[in-house]
Amino acid sequence: ENKFTCCGCDCSKLPCYKKECKGCEAECGKIFWLKYTQHSVCPIFECVKEKGYKNCSECSEAPCHRFFDLRDPNMSEEEHNKYVQRQMDNLKSLNNN
């Protein structure tokens, strides 16, 4: 079963899902990998909640700078850009269902 976050990430495909993380909604945006950043809450999750959106697909700015500011340092820029595109595709497919 796919478990999508507000940013379009499919948690169910991540090895950390259900082990280190139960998903953004369950964790209220306080996901485990934030310990590697200066954030206490995921900035994307926080933005979506502040704007009252269900997910980023409702925002005309998506994908915004937050998607690119949160790049995993283990990913190249090209890999990250492809990942962000996949997130946008996921959100688009959710809206079409």
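Shown here for region 45-75: chymotrypsin sites (Phe, Trp or Tyr not before Pro) in loop regions (DSSP other than H, G, I, E, B) with at most 14 other Cβ atoms within 10 Å, namely Y53.
Across the chain, the mean sequence separation of Cα contacts (distance under 8 Å, 6 or more residues apart), normalised by length, yields a relative contact order of 29 percent.
Apolar share of the accessible surface for the chain: 47 percent from carbon plus sulfur atoms, 1.4 Å probe. Length gained on full extension, Y53 to F68, computed as 0.36 nm times the residue gap minus the Cα-Cα distance: 3.4 nm. Residues in the chain average 68 Å² of solvent-accessible surface per residue, probe 1.4 Å, ligands and nucleic acids excluded. I need the shape label for region 14-97. Rule: rounded when a/c is under 1.5, else prolate if a/b > b/c, else oblate, with a, b, c from the alpha carbon gyration tensor. It comes out rounded by the Cα gyration axes.
Using just its DSSP H runs of length 4 or more, each adding -39500 (n - 2.57), the chain gives a mean residue ellipticity at 222 nm of -11500 deg cm²/dmol after division by all residues.
The values are calculated or read from the model by the stated rules, or taken from the named source; none is laboratory data. Here the structure is a predicted model, which is why all the values come from computation and not from measurement. As a convention, Cβ positions derive from the backbone with ideal geometry for all residues, glycine included, and neighbour counts pool all protein chains shown. Quick note on the areas: whole protein, heavy atoms, side chains included, nothing else; ligands and nucleic acids left out. Shrake-Rupley method; radii C 1.70, N 1.55, O 1.52, S 1.80 Å.
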